[in-house]
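The values are calculated or read from the model by the stated rules, or taken from the named source; none is laboratory data. Since we're looking at a predicted model, the values are computed, not measured. All Cβ positions, glycine included, derive from the backbone under ideal geometry; neighbour counts span all protein chains shown.
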There are 2 protein chains.
Amino acid sequence: MFTKVFVYSLKALIMSATGKHIKPTESELEILRVLWEKGPSTVREVHEILEQSKDAGYTTTLKLMQIMHEKGLLQRDASSKTHIYASAVSQENTQRQLLDKMIDTVFNGSASQLVLQALGNHKSSKEELEKIKQYLDEIEKQQR
Amino acid sequence: MFTKVFVYSLKALIMSATGKHIKPTESELEILRVLWEKGPSTVREVHEILEQSKDAGYTTTLKLMQIMHEKGLLQRDASSKTHIYASAVSQENTQRQLLDKMIDTVFNGSASQLVLQALGNHKSSKEELEKIKQYLDEIEKQQR
DNA sequence: TTTCATTTACGAAAACTATCGTACATTTGT
DNA sequence: ACAAATGTACGATAGTTTTCGTAAATGAAA
């Protein structure tokens, strides 16, 4: 009995070995989001979700996902005719990298400046705010 | 006596009238950052700062700034030979837009998820943390 | 087995970004 | 007044991203 095998492309392996960082484009991010939420999926499954919010053909999504596999953003199981793709990068890792870059290039390196903006313009629930405050307390403790 | 007149390009006016949103590229953001900090400047002034951290010729910076003016990202005073450019978009506005998009596309719409990430990965000073806590208190008060 | 539907693969066009060389215009110094 | 310096304008090119048409492969159905 065989288990499904997700493979990385050669290019992907080389890149991860050299510790390169992830820089998905806008469209790539849309695909990653679908895969992060739904888990491993076919091109068609991903496409059907993207279709709801954007206007592009099936082959466009396919091509994008193929390229992403080349780049190492996606793994795929090609053992059956219909390939199954999965994200090869963690959501958290990607989030952190993009966030770091944004703090750097948009907020002059000040994370708290970003935080204030983020909190000011988005209604956060009471629970979320509490969570953040607790977190702040922890950080302060550690600093002592 | 004349005062300096900064002009928007026609394209810029049309775009701002239709309420389009700002989406500067990486390079454009670098230029905006310089102008936000230094205020209205010549191409040369901007270029000399960019030169320190990146490797591109003068005409490259010039072209970029011309394009940005076309797009409405920059205003310019062309009354003297040496044009003087200024940002046509506020830093705060731009920050908020880019941040909103990031929350949307990268953090599934959860601002506080982003906040936790931001605080976790960047050492913030005690004062900054205090500021954030005060801010949180204010928000909570308003919610009651 | 032949046909039909689905899927992948390939290539190429269109749009956008970044870069720079060169030409032209305008000051400025001599 | 005129040459040198400085600046802008104008392509042109290379790279990347997004898009899609068409062909080839594969599996299912009749």
**Message:** Cβ-Cβ under 7 Å, sequence separation 6+ or interchain: first residue in region B:39-67 and among the β-branched types (Val, Ile, Thr), partner within 8 Å of DNA strand C (Cβ to nearest atom) and assigned to a loop (DSSP other than H, G, I, E, B). Which pairs?
**Reply:** none
**Asked** Among the residues of region A:106-134, how many are part of a helix (DSSP H, G or I), at the interface with chain B (Cβ under 7 Å from one of its Cβ atoms) and surrounded by fewer than 16 Cβ atoms within 10 Å (Cβ to Cβ)?
**Response** 2
**Fill in**
Sole miss for B:Val89 among (1) assigned to a helix (DSSP H, G or I); (2) touching a strand residue (DSSP E or B) at 6+ places or on another chain (Cβ under 9 Å) is condition (1)
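Residue-wise test of (1) under 19 Å from the mean Cα position of the chain (by Cα); (2) more than 14 Å from B:Glu28 (Cα to Cα); (3) not hydroxyl-bearing (Ser, Thr, Tyr).
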{"position": "B:His47", "(1), (2), (3)": "yes, no, yes"}
{"position": "B:Leu50", "(1), (2), (3)": "yes, no, yes"}
{"position": "B:Ser53", "(1), (2), (3)": "yes, yes, no"}
{"position": "B:Thr61", "(1), (2), (3)": "yes, no, no"}
{"position": "B:Met68", "(1), (2), (3)": "yes, no, yes"}
{"position": "B:Ser80", "(1), (2), (3)": "no, yes, no"}
{"position": "B:Ala86", "(1), (2), (3)": "yes, no, yes"}
**Asked** Which residue, of A:Glu48, A:Glu28, is more than 13 Å from DNA strand D (Cβ to nearest atom), charged (D, E, K, R), modelled with pLDDT of 95 or more and not assigned by TED's automatic domain parsing to the domain that holds A:Ile132?
**Response** A:Glu48
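Condition first: within 11 Å of DNA strand D (Cβ to nearest atom) and in a loop (DSSP other than H, G, I, E, B). Now tell me which residues in region B:66-78 satisfy that.
In the first step, residues of region B:66-78 are kept if they are within 11 Å of DNA strand D (Cβ to nearest atom); the result is B:66-67, B:69-70, B:76-78.
Across region B:66-78, the qualifying residue is only B:Ala78.
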**Asked** Any residue in region B:22-37 that is free of Cβ contacts under 8 Å to residues at least 40 places away in the same chain, away from chain A (no Cβ under 14 Å) and part of a loop (DSSP other than H, G, I, E, B)?
**Response** no
**Request:** Kindly indicate whether A:Lys81 is outside any helix (DSSP H, G or I) and out of contact with any strand residue (DSSP E or B) (no Cβ under 8 Å at 6 or more places or on another chain).
**Result:** yes
